[in-house]
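First the structure, in the form of structure tokens, and then the observations on it.
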Amino acid sequence: MATQHPLAAFSIYLSGRHEVLLSIAKEITERLDACASSEGGSSHEARTRASDLMWLWTLGAYEVVRTMCQAQRCFSGRFYRAISSLKVDLERVRVPNTKLERVKYDRRQRSIPVASDRGPDVWDEAGKDLLVGDPADAVSARMLLRSYESVMSSLTLEDVTMSHEDSFERK
């Protein structure tokens, strides 16, 4: 039996969702790689499926990371800084794709719409990559997938200071 991810010390449920996200990320990457080695209809099909999965992955990854950030005291300062930075990266994609507006860091500012007559992403032919989020501030899908995996794989048992449930009991 495989060793549980350290995230299970915080939440077994979230650890399971994390494993699902890793599986989806692997499929996205495989489909992007298939675009590099195929042509015509199968390339278009692989890209379209990668795009669809990337949208869903972004939603799931953001929610996992947001939940962890809300439980700041459950993690070491080192890990909390890393996960907070990842949350900002995910917001750059999630906000334009779900709210159809540009990311704003001052909540008092007026929202600026992102065009809704656009495609879900831009294809980067040279990098065989999807550029996702706001077309004016697009993010590499491959980079975002790698960043999530890197931050989450940096979590150690020592970084988890208490479980999700314990954080509610000790308020």
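The numbers here are math on the coordinates, done by the rules we state, and not lab data. The model shown is predicted, which means the values in this text are computed figures rather than measured ones. A quick note on method: Cβ atoms are made from the backbone with ideal geometry, for glycine too, and the neighbour counts reach across all protein chains shown.
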Residue satisfying all of: in region 122-140; surrounded by fewer than 14 Cβ atoms within 10 Å (Cβ to Cβ) and in a helix (DSSP H, G or I); nearest to the chain's Cα centre (by Cα) among these: D137
Close pairs from region 14-28: first on the phi < 0 side of the Ramachandran plot, partner not in a helix (DSSP H, G or I), Cβ under 7 Å, at least 6 apart: S15/Q4; S15/H5; H18/H5
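Using the structure shown, decide if D89 is charged (D, E, K, R), over 30 Å from F168 (Cα atoms) and surrounded by 13 or more Cβ atoms within 10 Å (Cβ to Cβ).
Considered against the rule, which asks whether it is charged (D, E, K, R), over 30 Å from F168 (Cα atoms) and surrounded by 13 or more Cβ atoms within 10 Å (Cβ to Cβ), D89 comes out as no.
For every residue, the table says whether it meets (1) at positive phi; (2) of a type in the set (D, E); (3) not in a helix (DSSP H, G or I).
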{"site": "P96", "(1), (2), (3)": "no, no, no"}
{"site": "R108", "(1), (2), (3)": "no, no, yes"}
{"site": "R142", "(1), (2), (3)": "no, no, no"}
{"site": "L145", "(1), (2), (3)": "no, no, no"}
{"site": "E149", "(1), (2), (3)": "no, yes, no"}
{"site": "E158", "(1), (2), (3)": "no, yes, no"}
Qualifying residue in region 39-57 (condition: loosely packed, with under 14 Cβ neighbours inside 10 Å and closer than 17 Å to Y148 by Cα): yes
Some residue of region 103-121 being surrounded by fewer than 13 Cβ atoms within 10 Å (Cβ to Cβ), in contact with a Pro (Cβ under 8 Å, 6 or more places away or on another chain) and without any contact (Cβ under 8 Å) to a residue 60 or more places away in the chain: yes
Selection from region 127-171 of residues that are in contact with a strand residue (DSSP E or B) (Cβ under 7 Å, 6 or more places away or on another chain) and acidic (D, E): D129, D159
